[in-house]
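Below: one structure, written as structure tokens.
Read-outs throughout are calculated quantities, based only on the coordinates presented, and are distinct from any laboratory measurement. Please read these numbers as outputs of a predicted model, since none were measured by experiment. As a convention, Cβ positions derive from the backbone with ideal geometry for all residues, glycine included, and neighbour counts pool all protein chains shown.
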Amino acid sequence: MNTPKSSPLAADAATVAAVSKRDLFLAFLIVGMTSLGGVLPWARRMLVEQRRWLNDREFTEMLSLGQVLPGPNVVNLSIMVGVRFQGRTGAALAIAGLLLPPLAVLMLLATFYAGYGHIPAVQRALSGMAAVTAGMVLAMGLSMVARQPRTVQALGVSALAFAGSGLLGLPLIKVLLVLAPLSIVLAWRKVP
């Protein structure tokens, strides 16, 4: 696959050679099976901190692209990582690792919830898990912001996105349709 060196899908030959199909499947299997409360913090930890297959910039670029494409952002991210290291087969293996085992667990839990979800103790347990999830997503967001360039443009677009979707409750698609082109133009203007 020919990708420009500046593309988020581009990787150096040594890294590509070191990431096998088995590695891809197992990494996303671990992410899928351990990502209680939200996949993205776990995916970032696996891909950036533990395996070091991506750096912060690459993860953020892929996540940003995955965010504006249709479908779940982490599935889009897994496809891009799979393609980067092992082509289409890698993409299929990354998706399978990410989705198939958790799907089986989800089916079991849905069956349990259908039978016991009305019990107050079960409802309280689910409320407690929701608080943990919110905290994990917030921690990942703060971690990503801390590693981004601190330019007026980047901080301004981030603040507008937060205000639009978080404070004003605007639909995410509208916020993306306005701010994604603006962010691209601002970043493009900085490139010599």
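Between Leu177 and Leu106, the simple label model (points 7 Å from Cα in the Cβ direction) yields a spacing of 2.7 nm.
Let me check I have the definition right: for segment 123-183, take the eigenvalues of the Cα gyration tensor, multiply each by 5, take square roots. What are those semi-axes in whole Å, largest first?
Result for segment 123-183: semi-axes of 26, 16, 8 Å.
Dividing the Cα radius of gyration of segment 13-117 by 2.2 N^0.38 Å, with N the residue count, gives 1.11.
Once the Cα-Cα distance is subtracted from the 0.36 nm per residue extended length, the Arg189 to Arg45 segment shows a gain of 48.7 nm.
Is the chain best put as rounded, prolate or oblate by its Cα gyration tensor, with a ≥ b ≥ c the root eigenvalues, rounded for a/c under 1.5, and otherwise prolate when a/b is larger than b/c, oblate when not? Because a/c hits 1.5 or more and a/b fails to exceed b/c, the chain counts as oblate. Extension gain, Ala125 to Val137: 0.36 nm times the residue separation minus the Cα-Cα distance gives 2.4 nm.
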